[in-house]
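Notes to accompany the following structure.
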Amino acid sequence: MCVGVPAQIVEMDGYAAIVDCMGTRMKVGIIFVPEVALGEFVIVHAGQAMSIVDRQAAEESLQEWRRIIDARDAADSPG
């Protein structure tokens with residue numbers, strides 16, 4: 001099973017882009033979504049933007065990712 005995470009396009013340069021994923025910025029390939037525009041959300045897997053998603057779907061997914069991370073962090077903290 002593959003897992004992709006939503007990220008927002010914040011900079012573009014040819015077939016690469018800088019995305020913001022929950023506050024972390026990274027460079028990804030956009031060759032699979034050449035029509036993507038600045039500000040849009042994409043699903044990122046293995047360093048590539050695989051598809052464009054609408055803002056609402058991206059924000060709902062990000063909320064779930066935050067819940068998972070918060071639960072993990074709570075389980076890891078002592079006491």
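The values are calculated or read from the model by the stated rules, or taken from the named source; none is laboratory data. Since the structure is predicted, the reported quantities are computational estimates derived from the model, not experimental observations. Quick reminder, even Gly has a Cβ in these numbers, built from the backbone with ideal geometry, and neighbours come from all protein chains shown. Surface accessibility is based on the protein's heavy atoms, side chains included, excluding ligands, DNA and RNA. Shrake-Rupley method; radii C 1.70, N 1.55, O 1.52, S 1.80 Å.
When only Cα pairs under 8 Å and 6 or more residues apart are kept, what is the percent relative contact order across the chain?
Worked out over the chain, it gives 26 percent.
Once the mean 1/r over all distinct Cα pairs of the chain is inverted, what Kirkwood radius in angstroms do you read off? Could the numbers behind the result be given before it?
Numbers: mean 1/r = 0.0762 Å⁻¹.
Every distinct Cα pair counted, the radius reaches 13.1 Å.
Please calculate how many Å² of accessible area the chain carries per residue, with a 1.4 Å probe and no DNA, RNA or ligand atoms counted.
I get 67 Å² per residue for this part.
Mind checking the dipole of the chain: about its Cα centre, +1 per Lys or Arg Cβ, -1 per Asp or Glu Cβ, Debye to the nearest 20?
Working: 6 positive and 12 negative charges, 34 e Å.
Using Cβ point charges on Lys, Arg, Asp and Glu, the chain gives about 160 debye.
Can you put 42, 5 in order of accessible area, largest first, using a 1.4 Å probe?
Result of the area sort, largest leading: 5, 42.
Which residues in the range 1-37 place their backbone N less than 12 Å from a point set 7 Å from the Cα of residue 73 along the Cα-to-Cβ direction?
23
For the chain, with the dipole built from +1 on Lys and Arg beta-carbon atoms and -1 on Asp and Glu ones, taken about the Cα centre, which of 34, 8, 21 lies farthest toward the positive end?
21
Around residue 9, under 13 Å between beta carbons, what's the net of Lys plus Arg minus Asp minus Glu among the other residues?
Details: positive: 25, 27, 55; negative: 11, 13, 20, 35, 40.
Charge balance in the 13 Å sphere: -2.
Find how much the distance from residue 59 to residue 5 grows on full extension, using 0.36 nm per residue of separation minus their present alpha carbon separation; answer in nm with one decimal.
Here the segment from residue 59 to residue 5 would lengthen by 18.4 nm.
Which percent of the accessible area of the chain is formed by carbon and sulfur heavy atoms (probe 1.4 angstrom)?
The computed percentage sits at 55.
How far is helix 55-76 tilted, in degrees, relative to the longest principal axis of the Cα atoms in the chain, given as a value from 0 to 90 rounded to the nearest 10?
Computed tilt is about 30 degrees.
Given the Cα-Cα distance of residue 13 and residue 37 and 0.36 nm per residue of separation, how much length would full extension add, in nm?
So the chain would gain 7.5 nm between residue 13 and residue 37.
Would you mind checking which residues have amide H under 5 Å from residue 48's amide H? H placed 1.01 Å from N; only 5 or more apart, or other chain.
For residue 48, whose amide H was placed from the backbone, the distant partners under 5 Å are 29.
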